[in-house]
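Chemist: One structure follows; several queries about it will come next.
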Amino acid sequence: NVIAPEYVAKTYGVEILRLWILLSDYSSDLKISDNILKQVGEQYRKIRNTIRFLLANTNDLKDLEVKEFSFIDKWILSRATKVFKASKEAFFAYEFAKGFSLLLNFLSADLSGIYLDISKDRLYCDSENAQRRKSAQVAMALI
């Protein structure tokens with residue numbers, strides 16, 4: 001039972017095919033199905049939407065200078081540094097699925113699930129020049 005790469009690329013998109021390959025354990029038989037590809041598609045959309053949110057909320061940022069980061073900004077920057085380091089180590093060790101899983105978990109749980117949700121008030125309610133808003137924007141730009 002084989003699914004042609006052309007079918008996957010046409011039906012789900014080439015990015016989903018690439019992501020499925022990245023997530024697969026290449027040391028054993030590869031498993032693929034429409035359900036697996038749909039799950040990979042959901043992960044891809046989560047990543048894409050989070051990055052779009054970050055870009056949309058940092059587009060008016062003119063510089064990366066901030067007097068002092070808030071506690072939550074320091075927390076997310078610390079988490080990002082740890083996760084990016086661990087992911088980089090996994091990628092250099094050819095453990096691509098592990099590295100990507102670390103990034104996806106950070107993106108879903110910490111960044112999108114906690115930090116961005118908490119930061120929305122600062123981004124949407126504070127004035128353009130407010131220190132709290134800029135702190136959040138700079139943290140997002142650094143990530």
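Where a number appears in this text, it was derived from the coordinates with a stated rule and is not lab data. None of the values given here were measured: they were computed from a predicted structure. So basically every Cβ, Gly included, is an ideal-geometry build from the backbone, and we count neighbours across all protein chains shown.
Chemist: DSSP loop GluC sites (Glu not before Pro) in the range 40-143 with at most 13 other Cβ atoms within 10 Å of their Cβ, which ones?
Modeler: When the GluC sites (Glu not before Pro) of the range 40-143 are filtered for loop state and at most 13 Cβ neighbours within 10 Å, Glu65, Glu68, Glu128 remain.
Chemist: What list of whole percents do you get for P(r) of the range 1-56, with Cα-Cα distances grouped in 10 Å bins up to the one holding the largest distance?
Modeler: 22, 51, 20, 6, 0
Chemist: Follow-up. Where in the range 1-57 are there chymotrypsin sites (Phe, Trp or Tyr not before Pro) that are in a DSSP coil and have at most 15 other Cβ atoms within 10 angstrom of their Cβ?
Modeler: Sparse-neighbourhood loop chymotrypsin sites (Phe, Trp or Tyr not before Pro): Tyr26.
Chemist: Multiply the residue gap between Glu15 and Cys125 by 0.36 nm, knock off their C-alpha separation, and tell me the result in nm, one decimal place.
Modeler: Full extension from Glu15 to Cys125 adds 36.0 nm.
Chemist: What is the helix-to-structure angle for 131-142, meaning the angle in degrees between its Cα long axis and the longest Cα principal axis of the chain, kept from 0 to 90 and rounded to the nearest 10?
Modeler: 30
Chemist: Continuing with the same structure: Cα-based count: Lys pairs in the chain below 14 Å, eight or more positions apart or different chains?
Modeler: 9
Chemist: Under 13 Å from a point placed 7 Å out from the Cα of Ala141 along the Cα-to-Cβ direction: which residues of the range 103-129 have their backbone N that close?
Modeler: 129
Chemist: Would you mind getting me the FRET efficiency between Thr50 and Ser28? Use the beta-carbon distance for r and R0 = 30 Å, nearest 0.05.
Modeler: Working: r = 30 Å, r/R0 = 1.01.
Efficiency for this residue pair is about 0.50.
Chemist: Out of the trypsin sites (Lys or Arg not before Pro) in the range 36-65, which ones are loop residues according to DSSP with at most 11 other C-beta atoms within 10 Å?
Modeler: Passing sites in the range 36-65 are Lys62.
Chemist: Nothing charged except the Cβ atoms of Lys and Arg (+1) and of Asp and Glu (-1): what's the magnitude of the dipole of the range 61-143 about its Cα centre? Round to the nearest 20 debye.
Modeler: So the dipole magnitude of the range 61-143 works out to roughly 100 debye.
Chemist: Could you work out the percent of alpha carbon pairs in the range 61-143 separated by over 20 Å, rounded to a whole number?
Modeler: Of all Cα-Cα pairs in the range 61-143, 38 percent lie more than 20 Å apart.
Chemist: Assuming 1.567 mPa s and 4 °C, estimate D for the chain with Stokes-Einstein, Rh taken as the Kirkwood radius over Cα pairs, in µm²/s.
Modeler: Values: Rh = 17.0 Å.
Rounded to a whole number, D works out at 76 µm²/s.
Chemist: May I ask for the angle, rounded to the nearest 10°, between helix 14-23 and the longest principal axis of the chain, with both axes built from Cα atoms and the value confined to 0 to 90°?
Modeler: Taking the Cα atoms of the chain, the angle to 14-23 is about 90 degrees.
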